[in-house]
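Have a look at the structure below before the remarks.
The values are calculated or read from the model by the stated rules, or taken from the named source; none is laboratory data. This one's a predicted model, so the numbers in the text were calculated from it and none came from an experiment. All Cβ positions, glycine included, derive from the backbone under ideal geometry; neighbour counts span all protein chains shown. Keep in mind that these areas ignore ligands, DNA and RNA; they rest on the heavy atoms of the full protein, side chains included. Shrake-Rupley method; radii C 1.70, N 1.55, O 1.52, S 1.80 Å.
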Amino acid sequence: MAKQRCFLSFTSLLLLLIVFLAGCGGPQSNGNTKAGNGMIDTLDGGGFGGGDNPQVNYNPFLSNALLPGVNYLYEPLMVEDNYSCKVQPWLATGFKWQDPETLIFTIRQGVKWSDGQPFGPDDVVFTLNMMQKYPALDTQGIWQSLNNVTAQGNQVTLKFKGPSVQVFERLLQQAIVSKHVWEKVSDPVTFTDPKPVVTGPFTVDSFNQEQLVLKRNPNYWQADKIKVEHLVFHKAGSIQVEQLKLARGSYDWNAMFVPNVQQAYIARDPKHNHYWFPAGGEISLGMNLTKAPFNDLAFRQAMAYAINRQEISKKAEFGYVQPASQTGLSVPGQSSFIPSDIPNMGIFPFDQQKALNILTQAGYTKNANNKILGKDGKPITITFLVQNGWTDWIQAAQVIQANLNALGLTVNVQTPSPEIIESRRKAADYDMLFSVHGGSCNMYDTYNYLNSRVDPSVNYLHFKDPAVDKMLDQLQQALTVDEQKKAVSQLAEYSYQNFPDVPLWYGAHWFEYSTKRAVGWPDANNPYCQPGDILLVITHLKQSLE
């Protein structure tokens with residue numbers, strides 16, 4: 001997601017801070033106190049969502065629910081560390097693919113809902129069947145593949161319409177709700193769930209449109225791991241106000257883009273203030289594979305060497321992001337999926353001489369004006385489309401333009417609206433643009449943009465290779481972790497050798513945090529999960545002893 005760069009004068013910033021401080025009202029968090037006995041009284045986590053006029057809504061199926069609060073209330077069957085893609089037992093103690101069409105979960109025993117009622121397999125079956133009855137609740141599209149779900153003993157069996165291993169990742173994102181509460185709801189699509197009954201580590205304490213307070217759930221099935229009594233979230237202000245609040249230490253953690261985070265945040269309290277921006281999805285150089293020279297493997301390989309990724313990071317992304325791997329995977333977190341024969345995790349160096357050598361060997365020449373000629377003997381001129389208003393992408397495109405012009409190509413950057421670019425991308429009416437893919441642990445989705453059988457809105461490079469389709473089919477039927485890694489490694493090797501596009505940099509997961517009150521946050525030295533894996537994070541936090 002591109003960002004708008006907004007810079008204010010010192011006077012404007014001061015006025016904003018004064019207005020904000022004068023306007024603060026309502027319940028205030030007691031973030032500076034500690035509860036004792038190793039417990040943290042309160043942590044403040046920034047905004048709760050819900051739009052400009054937030055209302056009580058804890059329905060985990062609805063997009064306008066009060067997030068991230070809901071994510072601390074309801075839980076999925078399994079929880080995935082989205083950094084290294086390791087799955088951990090949660091409401092289910094385990095799972096097994098009996099065959100590519102049959103998935104069995106073993107449901108944890110002894111878990112209670114926050115009202116004291118027991119949680120069990122019937123809640124899982126009820127939740128999934130309710131999503132079939134009310135398709136608007138099926139936000140993950142699970143029932144596009146699911147045929148039926150049944151329970152026997154402490155096991156829940158899901159039968160699919162065909163090989164559906166790729167649906168597992170979507171199931172991991174599905175919250176489970178209580179049958180004894182929700183079966184009485186007349187319309188779960190409009191239900192706001194004002195008094196949520198949950199299995200999660202927190203329950204709702206209070207909400208007043210300006211502040212949401214969650215309190216520790218004493219009935220939580222792993223309550224011994226929860227060392228925080230209260231979580232506080234707020235109605236978010238403008239980006240400038242939010243950045244000021246972060247800088248002055250109002251938040252224990254947050255996730256926002258901050259220009260010059262070292263000066264604006266870290267320098268304010270170097271002992272306690274930290275940040276970690278791990279890799280997300282890949283932003284790549286997408287070339288129209290239906291036309292020359294982009295349909296030439298050698299040309300695309302040359303592009304992998306011709307672009308200075310470090311310069312893009314520095315000039316367009318404040319140095320926050322890292323060069324991306326040609327394998328299509330997010331590294332270093334997903335490096336265990338990369339074949340051992342691929343050097344440097346698949347990241348290409350900037351080497352324009354190497355790029356020229358590749359082009360020369362492939363039959364490209366230069367004219368008297370030092371311009372590279374296509375195989376038709378004409379100078380290669382490229383139109384590069386970048387979304388209007390996406391300032392960091394435009395700055396990155398300017399770096400690419402300078403790099404490729406220096407190589408001997410002529411690149412013209414145009415900035416039409418995002419809607420126009422999307423339309424032209426689907427119609428294969430472009431030369432080059434930015435493509436975005438990957439970043440999640442759903443490896444099928446990561447490579448599905450190369451699936452020749454899907455709509456051009458997904459396969460926007462208009463890529464076609466039956467060999468890749470076969471690899472995707474193998475991944476769709478891979479039952480074990482080892483089988484899945486083998487299938488993914490084939491796709492990674494193919495991407496590294498064939499350059500369907502050229503990954504340049506990673507989108508970042510923004511994450512700022514303070515160790516003043518809590519320690520145990522994930523970071524580059526201890527990347528036990530992504531910052532957004534909140535159930536894993538909250539079970540790792542402990543009171544700071546400083």
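Some points to look at:
- Residues located in the stretch 256-285, provided they are under 12 Å from S514 (Cα atoms) and either without any contact (Cβ under 8 Å) to a residue 60 or more places away in the chain or part of a loop (DSSP other than H, G, I, E, B) (or both): Y265, I266, R268, D269, P270, K271, H272, W276
- Reported count of residues in the stretch 292-308, each being within 19 Å of Y494 (Cβ to Cβ), small (G, A, S) and touching a helix residue (DSSP H, G or I) at 6+ places or on another chain (Cβ under 7 Å), is 2.
- From the list D115, D224, D122, the lone residue that is closer than 30 Å to G45 by Cβ, part of a helix (DSSP H, G or I) and either of a type outside the set (A, V, I, L, M, F, W, C) or open to solvent by less than 50 Å² (accessible area, probe 1.4 Å) (or both) is D224.
- Pairs, first among the small types (G, A, S) in the stretch 298-323, second part of a helix (DSSP H, G or I) and surrounded by fewer than 19 Cβ atoms within 10 Å (Cβ to Cβ), C-beta under 6 Å, six or more apart: A306/Q352; A316/Q395
Every residue, every condition in (1) among the small types (G, A, S); (2) open to solvent by less than 20 Å² (accessible area, probe 1.4 Å); (3) closer than 13 Å to P503 by Cα, yes or no:
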position: E317; (1), (2), (3): no, yes, no
position: T327; (1), (2), (3): no, yes, yes
position: Q334; (1), (2), (3): no, yes, no
position: S340; (1), (2), (3): yes, no, no
position: K354; (1), (2), (3): no, no, no
position: Q361; (1), (2), (3): no, no, no
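- Q88 open to solvent by 50 Å² or more (accessible area, probe 1.4 Å), part of a loop (DSSP other than H, G, I, E, B) and under 27 Å from K225 (Cα atoms): no
- Some residue of the stretch 191-203 being open to solvent by 60 Å² or more (accessible area, probe 1.4 Å), in a strand (DSSP E or B), closer than 22 Å to A65 by Cβ and touching a strand residue (DSSP E or B) at 6+ places or on another chain (Cβ under 8 Å): no
- Cβ-Cβ under 8 Å pairs, at least 6 apart or on other chains, the stretch 140-162 side under 15 Å from T102 (Cβ atoms), far side loosely packed, with under 13 Cβ neighbours inside 10 Å and of a type in the set (G, A, S): S145/G162
- From G328, G363, residue being part of a loop (DSSP other than H, G, I, E, B), in contact with a His (Cβ under 9 Å, 6 or more places away or on another chain) and among the small types (G, A, S): G328
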